[in-house]
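> What follows is a single structure, and I will ask about it in a moment.
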Amino acid sequence: MSSVQPSFKKLAHKIVATKSFILTTHKMCDGDGLGSLLAFHHALHTIKKPTRSIIIDKISSKYHFLSPDKYIERFDQLKSPIEPVEVALVFDTNDSRRIQPLYEELKKKCQEIIYVDHHPILKNGPKPSEQSIIDTTAASTGQMCYFLLKEMGVVMNTQIATALYTSIVFDTQKFHFIKNSGISHAICADLCNYIKDNERIYNYLFGITSLEKINLLSQSIKQTEYFHQNKVAVLEISKKKLDESNLNIEDACDFLDMTLAVNSTQVSILIINLSDNTYKLSFRSKSLDMLKLAEIFHGGGHKTSSGATLIDYVKNPKTEILKALSPFISQESN
Ligand SMILES: [Mn+2]
């Protein structure tokens with residue numbers, strides 16, 4: 001595998017020399033953020049470093065196989081006040097707004113806040129600290145954590161490997177988005193030596209887990225609208241509808257990924273109506289720059305997968321998104 005960058009070595013040495021940590025990841029954590037956090041939680045435990053892992057909101061039930069409730073506290077339900085520590089490690093985001101309100105507390109209690117992430121730094125967003133490592137060539141934050149842990153001399157075990165495998169398989173969507181590199185495969189080939197039943201992980205992460213989900217999926221596929229000669233798919237769904245089916249926002253994102261599988265679809269848009277005039281937007285594309293689209297709506301993410309939240313939005317989000325998207329589509333057909 002490729003040689004480790006100097007910034008990774010530097011951070012690995014720093015972590016080894018640090019005594020106390022808080023670990024966290026972004027709001028509405030996904031498999032990559034959660035897997036990275038848990039891999040570090042278990043790894044720091046093996047090298048006898050006291051660590052507290054804290055996240056901002058609820059973890060989706062699809063990740064229960066990692067037993068997150070055993071290791072991670074919720075910021076709004078802390079068991080005891082946060083004591084001062086040397087370093088906070090933040091995984092899978094470099095945007096302090098995505099770890100609020102915990103960020104305000106970390107600023108007071110941690111000597112340093114260090115981000116380990118693979119998202120581009122937003123032009124108009126807050127800047128991550130200098131010690132942070134941001135590698136936009138990495139297909140997942142889990143991949144970066146694998147190299148950091150190796151560099152720290154951590155001995156791999158089943159718990160760490162399962163968490164990292166979850167990160168990589170989730171963020172690459174089963175090795176689909178690998179940034180034209182075999183690194184994700186190579187790491188997972190190594191991790192498989194420590195995991196007993198990796199097929200089980202796929203079922204948890206990608207299985208259609210309930211009849212309610214497949215019913216709502218079939219309705220959603222029927223309701224999806226297509227624009228720009230079927231290049232753009234738009235799915236609108238309400239949080240109320242998801243609640244009625246016992247599903248969450250991540251389930252709706254799975255529907256979105258399916259609409260992108262259609263050959264003619266270049267862009268898939270999901271609009272979730274959270275409450276009156278409040279919307280969660282998710283954008284996916286095969287190649288068009290969805291980060292630029294998300295930035296128009298004050299959001300963030302990656303080039304092919306991004307999102308934003310609209311609060312007190314009185315316009316029609318679908319009309320506005322299609323308007324904003326038009327120049328991207330016409331540029332592409334030129
Ligand atoms: Mn990620």
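The values are calculated or read from the model by the stated rules, or taken from the named source; none is laboratory data. Owing to the predicted nature of the structure, the values given are computational and were not obtained by experimental measurement. Virtual Cβ from ideal backbone geometry, glycine too; neighbours counted across all protein chains shown. Surface accessibility is based on the protein's heavy atoms, side chains included, excluding ligands, DNA and RNA. Shrake-Rupley method; radii C 1.70, N 1.55, O 1.52, S 1.80 Å.
> Calculate the spin-label point distance for Ile296 paired with Phe227, positioning each point 7 Å from the Cα along the beta-carbon direction, and give it in nanometres.
0.9
> If you don't mind, there's one more thing I want to ask. Could you compute the FRET efficiency for Ser218 and Asn198, with r as their C-beta to C-beta distance and R0 at 35 Å, rounded to 0.05?
0.75
> Would you kindly calculate the mean projected area, averaged across all directions, of the convex hull enclosing the Cα atoms of the range 101-223, in square nanometres?
11.5
> Considering only protein heavy atoms, what per residue accessible area in square angstrom results for the chain with a 1.4 angstrom probe?
With all protein chains present, the chain gives 47 Å² per residue.
> Could you calculate the contour length gain from Val4 to Ser330, that is, 0.36 nm times the residue separation minus the distance between their Cα atoms, to one decimal place in nm?
Gain on extension, Val4 to Ser330, equals 113.3 nm.
> A further question on this structure: Please give the Cα centre distance for the range 118-181 versus the range 266-334, rounded to the nearest Å.
25
> Show log10 I(q)/I(0) for the range 157-283 at q = 0.16, 0.21 Å⁻¹, two decimals, from a solvent-free Debye sum over equal Cα scatterers.
-0.90, -1.16
> Rounding to the nearest 20 debye, state how big the charge dipole of the chain is about its Cα centre with +1 on each Lys and Arg Cβ and -1 on each Asp and Glu Cβ.
400
> Add -39500 (n - 2.57) for each DSSP H run of 4 or more in the chain, then divide by its residues: what number comes out at 222 nm, to the nearest 500 deg cm²/dmol?
Taken over the chain, the calculation gives -12500 deg cm²/dmol.
> Let me ask something else about it. Towards the positive end of the charge dipole of the range 6-206, with charges on Cβ (+1 Lys, Arg; -1 Asp, Glu), say which of Ala139, Phe177, Tyr202 has the farthest Cα.
So the residue furthest toward the plus end is Ala139.
> Which entries in the list Lys14/Lys150; Lys14/Lys292; Lys239/Lys315; Lys58/Lys323; Lys62/Lys196; Lys62/Lys231 go over 23 Å, if you measure between the two C-alpha atoms of each?
Beyond 23 Å between Cα atoms: Lys14/Lys292; Lys58/Lys323; Lys62/Lys231.
> With a point put 7 Å past each Cα toward its Cβ, work out how far Asn277 is from Glu104 in nm, to one decimal.
Output for this residue pair reads 2.3 nm.
> Determine the share of the range 6-206's accessible area contributed by carbon and sulfur atoms, expressed in whole percent, with a 1.4 angstrom probe.
C and S fraction of accessible area: 52 percent.
> Kirkwood Rh over Cα pairs of the range 211-333 into Stokes-Einstein at 37 °C, 0.692 mPa s: D in µm²/s?
228
> More than 28 Å apart: what percent of Cα pairs in the range 1-139 qualify?
When every Cα pair of the range 1-139 is considered, 12 percent fall beyond 28 Å.
> Starting from the Cα-Cα distance between His45 and Lys318, subtract it from 0.36 nm times their residue separation and give me the gain in nm to one decimal.
Result for the pair: 93.6 nm of gain on full extension.
> I need the per residue convex hull volume for the chain, using only the alpha carbons, in cubic angstrom as a whole number.
Cα convex hull per residue, to the nearest whole number: 143 Å³.
> Under a straight-distance cross-link criterion of Cα-Cα below 15 Å, which aspartates and glutamates are reachable from Lys109, leaving out those fewer than 8 residues away in the same chain?
Within reach: Glu83, Glu86.
> Could you give the size of the charge dipole of the range 211-333 about its Cα centre, using +1 on the Cβ of each K and R and -1 on the Cβ of each D and E, expressed in debye and rounded to the nearest 20?
In debye, rounded to 20, the range 211-333 gives about 280.
> While we're here: Along the Cα→Cβ direction, 7 angstrom out, place labels at Ala189 and Val16. What is the inter-label distance in nm?
2.7
> Could I ask something else about it? Could you run the Karplus curve 6.51 cos²θ - 1.76 cosθ + 1.60 with θ = phi - 60° over the range 274-285 and give me ³J(HN,Hα) per residue in whole Hz, x for Gly and Pro?
Each residue's phi maps through the Karplus curve to give 6, 6, 3, 6, 10, 9, 10, 10, 10, 10, 10, 8 Hz.
> Tell me, what ³J(HN,Hα) does each residue in the range 182-188 have, in order and in whole Hz, if you take phi through Karplus 6.51 cos²θ - 1.76 cosθ + 1.60 with θ = phi - 60° and put x for Gly and Pro?
So the J values, rounded to whole Hz, are x, 4, 4, 4, 4, 4, 5.
> Starting from 0.36 nm per residue, how many nanometres of slack lie between Lys70 and Asn248 once their C-alpha separation is accounted for?
61.9 nm
> Setting aside same-chain residues fewer than 8 positions from Lys9, which aspartates and glutamates have a Cα under 16 Å from its Cα?
By straight Cα distance, Lys9 reaches Asp117, Glu130, Asp135, Glu151.
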